[in-house]
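Enquirer: Could you have a look at this structure, given as structure tokens, before my questions?
The values are calculated or read from the model by the stated rules, or taken from the named source; none is laboratory data. Please read these numbers as outputs of a predicted model, since none were measured by experiment. Every residue, glycine as well, gets a Cβ built from its backbone with ideal geometry; the counts of neighbours run over all protein chains shown.
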Amino acid sequence: MTKPIRMHTDGNPDTGFAPSTLVAKDDFTTTDQTEIISSFHESADGRISAGVWECAPCREEFAAYPVDEMMTVIAGTVILTSPDGTSQTFTAGDTFFMPKGTPCTWEITRTLRKFYMIAA
């Protein structure tokens with residue numbers, strides 16, 4: 001039986017956090033290269049996923065963001081800069097949506113923890 005899933009800011013209490021490798025080691029901007037993930041849901045076909053992700057400060061360039069993703073910042077700060085130079089800063093409590101294909105610079109300036117829901 002399917003039922004609603006309560007997502008916790010401290011990750012999935014049944015599975016905890018695991019190492020994540022979405023960010024290239026060269027993209028970290030401090031000696032801290034911590035990146036962890038806690039999954040709450042993955043669809044059978046792998047196209048939908050939801051959970052909590054945490055990452056130390058880093059800076060990544062995306063010619064095209066690879067997925068549709070909705071995020072809510074739990075802690076930390078991320079700055080998204082468009083190719084035209086405009087930027088938006090997101091901190092704890094902010095929710096935003098990143099459409100697949102969006103070009104941007106993604107810069108975490110304070111260790112980021114976020115809820116995510118990805119549609120690939």
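Enquirer: Given segment 1-81, what strands (runs of 3 or more DSSP E) lie entirely inside it while holding 1 or more residues that are among the β-branched types (V, I, T) and at pLDDT 95 or above? Outline the logic, then answer.
Expert: Working: elements: 35-42, 48-55, 58-62, 68-81.
Strands (runs of 3 or more DSSP E) meeting the threshold: 35-42, 48-55, 68-81.
Enquirer: While we're looking at this one, here's another question. Limited to segment 92-104, what total is found for residues that are surrounded by 14 or more Cβ atoms within 10 Å (Cβ to Cβ) and in a strand (DSSP E or B)? Talk me through it step by step, then tell me what you get.
Expert: Step one: filter segment 92-104 for residues surrounded by 14 or more Cβ atoms within 10 Å (Cβ to Cβ), giving 92, 94, 96, 98, 102, 104.
Now narrow it down to the ones that are in a strand (DSSP E or B): 96, 98, 104.
The number of residues fulfilling the criteria is 3.
Enquirer: Can you tell which of E60, E35 is over 14 Å from T111 (Cα atoms), surrounded by 14 or more Cβ atoms within 10 Å (Cβ to Cβ) and in contact with a strand residue (DSSP E or B) (Cβ under 8 Å, 6 or more places away or on another chain)?
Expert: On the way: E35 fails: over 14 Å from T111 (Cα atoms).
Only one candidate qualifies: E60.
Enquirer: Does at least one position in segment 42-51 carry a residue that is among the aliphatic types (A, V, I, L, M) and under 19 Å from P99 (Cα atoms)?
Expert: Step one: filter segment 42-51 for residues among the aliphatic types (A, V, I, L, M), giving 44, 48, 50.
Subset that is under 19 Å from P99 (Cα atoms): 48, 50.
Looking through segment 42-51, at least one residue is among the aliphatic types (A, V, I, L, M) and under 19 Å from P99 (Cα atoms).
Enquirer: Hey, E107 hits all of (1) in a strand (DSSP E or B); (2) without any contact (Cβ under 8 Å) to a residue 40 or more places away in the chain but one; which does it fall short on?
Expert: Result: E107 fails condition (2) only.
Enquirer: Also, I was wondering about something else. Pull up segment 1-18, narrow it to residues that are over 14 Å from V73 (Cα atoms) and among the small types (G, A, S), then point me to the one that is nearest to the chain's Cα centre (by Cα).
Expert: Initially, segment 1-18 is screened for residues over 14 Å from V73 (Cα atoms), giving 1-6, 12-18.
Narrowing further to those that are among the small types (G, A, S): 16, 18.
On the way: G16: 17, A18: 14 Å.
For segment 1-18, the residue satisfying everything is A18.
Enquirer: May I ask you to list pairs of residues, at least six apart or on different chains, whose Cβ atoms are under 6 Å apart, with the first in segment 41-53 being closer than 14 Å to M70 by Cβ and the second being aliphatic (A, V, I, L, M)?
Expert: From residues that are closer than 14 Å to M70 by Cβ, the pairs are H41/I5; H41/A50; I48/A119; S49/I118; A50/M117; W53/I37.
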